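I have placed the structure first, in the form of structure tokens, so that the comments after it can refer back to it.
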Amino acid sequence: MTVHRSNGFPIPSDEVLRLEVMAGFDLFETPPEREFDQITRLAAELMDVPICLISLVGEHEQWLKSHHGLDVQSTPRDTSFCAHTITGDDLFIVHDASEDSRFRANPLVTGPPFIRFYAGAPLITSEGAHLGALCLIDTRPRELAAEQRRLLGRLGDIVSHRFDQRRAQRRSAGADRKEVADLSRERGDLLAQLAIDRQARSDVTSIVAFIDPLAERLRMLALNASIESARAGVPGRGFSVVANEVKNIADDMREAIRRAEDLLS
């Protein structure tokens with residue numbers, strides 16, 4: 001990985017992308033969690049060191065997701081050993097920081113917690129972004145045996161895998177919430193449409209209730225016109241024409257009623 005230096009610490013060549021990926025994990029500036037605290041405590045016991053951290057290296061500071069043996073939540077990036085760890089894929093080890101030109105003037109070396117030994121495993125996501133480190137710290141110079149190196153690397157992989165799992169779960173939960181929101185919106189649209197349909201059915205019912213007796217009255221009017229014409233002995237052609245027209249109107253109304261009833265069924 002190509003790096004350049006800024007304010008005394010190395011910057012990975014993919015820094016912009018790295019920070020974007022880290023933001024998607026929603027881990028930075030979140031409180032400690034038991035599952036990660038268990039890993040740092042276990043690593044410290046297995047490696048016999050007083051301090052073990054899970055760090056996330058942000059743009060200007062290092063956030064400690066877990067900090068066994070160190071009572072701080074964050075440190076400036078320019079004093080962070082883990083800022084060096086994220087520039088490579090392998091363990092980053094400093095046997096004696098007081099003798100290392102990169103760190104001998106570091107306030108974490110010259111002052112509390114007086115770091116001498118540091119070993120960090122980079123936390124690399126599934127897409128290759130280096131978020132931070134699982135690191136061991138001691139106040140005395142020391143070496144790390146080959147088996148201890150392998151174990152630190154495996155524990156770092158576990159943390160990285162857990163980060164990936166959490167992100168996948170968050171995305172899945174977000175997709176589920178979106179689906180619920182979509183279903184809720186569709187339900188609202190359906191209820192609104194049903195309300196419109198109910199109103200339309202109500203309107204058709206009202207029309208039917210009005211037309212039905214009117215059509216019957218027109219039928220009766222046509223029938224009475226024919227009867228009165230016959231009784232009066234008057235040439236019934238005029239009455240007959242009127243009666244037929246009335247009857248046709250009544251039949252048209254009946255057809256309208258039938259169609260309206262079809263809509264309601």
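The values are calculated or read from the model by the stated rules, or taken from the named source; none is laboratory data. Keep in mind that this is a model prediction, so the values were computed, not measured. Neighbour counts are summed over all protein chains in view; Cβ atoms, including those assigned to glycine, are modelled from backbone coordinates with ideal geometry. Only protein heavy atoms, including side chains, enter the accessible area calculation; ligands, DNA and RNA are left aside. Shrake-Rupley method; radii C 1.70, N 1.55, O 1.52, S 1.80 Å.
For the stretch 74-122, which positions are among the acidic types (Asp, Glu) and either assigned to a loop (DSSP other than H, G, I, E, B) or modelled with pLDDT of 95 or more (or both)?
Those that are among the acidic types (Asp, Glu) and either assigned to a loop (DSSP other than H, G, I, E, B) or modelled with pLDDT of 95 or more (or both): 89, 90, 96, 99, 100.
Only one of these conditions is not met by residue 91: (1) of a type in the set (A, V, I, L, M, F, W, C); (2) open to solvent by less than 70 Å² (accessible area, probe 1.4 Å); (3) without any contact (Cβ under 8 Å) to a residue 60 or more places away in the chain. Which number is it?
Residue 91 satisfies all of (1) of a type in the set (A, V, I, L, M, F, W, C); (2) open to solvent by less than 70 Å² (accessible area, probe 1.4 Å); (3) without any contact (Cβ under 8 Å) to a residue 60 or more places away in the chain except (3).
Mind checking which residues of the stretch 50-74 are closer than 14 Å to residue 118 by Cβ and open to solvent by 20 Å² or more (accessible area, probe 1.4 Å)?
50, 69, 70
Among the listed residues 140, 77, identify the single one that is open to solvent by less than 10 Å² (accessible area, probe 1.4 Å) and either in contact with a strand residue (DSSP E or B) (Cβ under 9 Å, 6 or more places away or on another chain) or under 17 Å from residue 52 (Cα atoms) (or both).
Just one listed residue meets the conditions, 77.
Can you spot a residue in the stretch 105-114 that is open to solvent by less than 60 Å² (accessible area, probe 1.4 Å), within 40 Å of the chain's Cα centre (by Cα) and in contact (Cβ under 8 Å) with a residue 24 or more places away in the chain?
Within the stretch 105-114 (the criterion being open to solvent by less than 60 Å² (accessible area, probe 1.4 Å), within 40 Å of the chain's Cα centre (by Cα) and in contact (Cβ under 8 Å) with a residue 24 or more places away in the chain), the answer is yes, since at least one residue qualifies.
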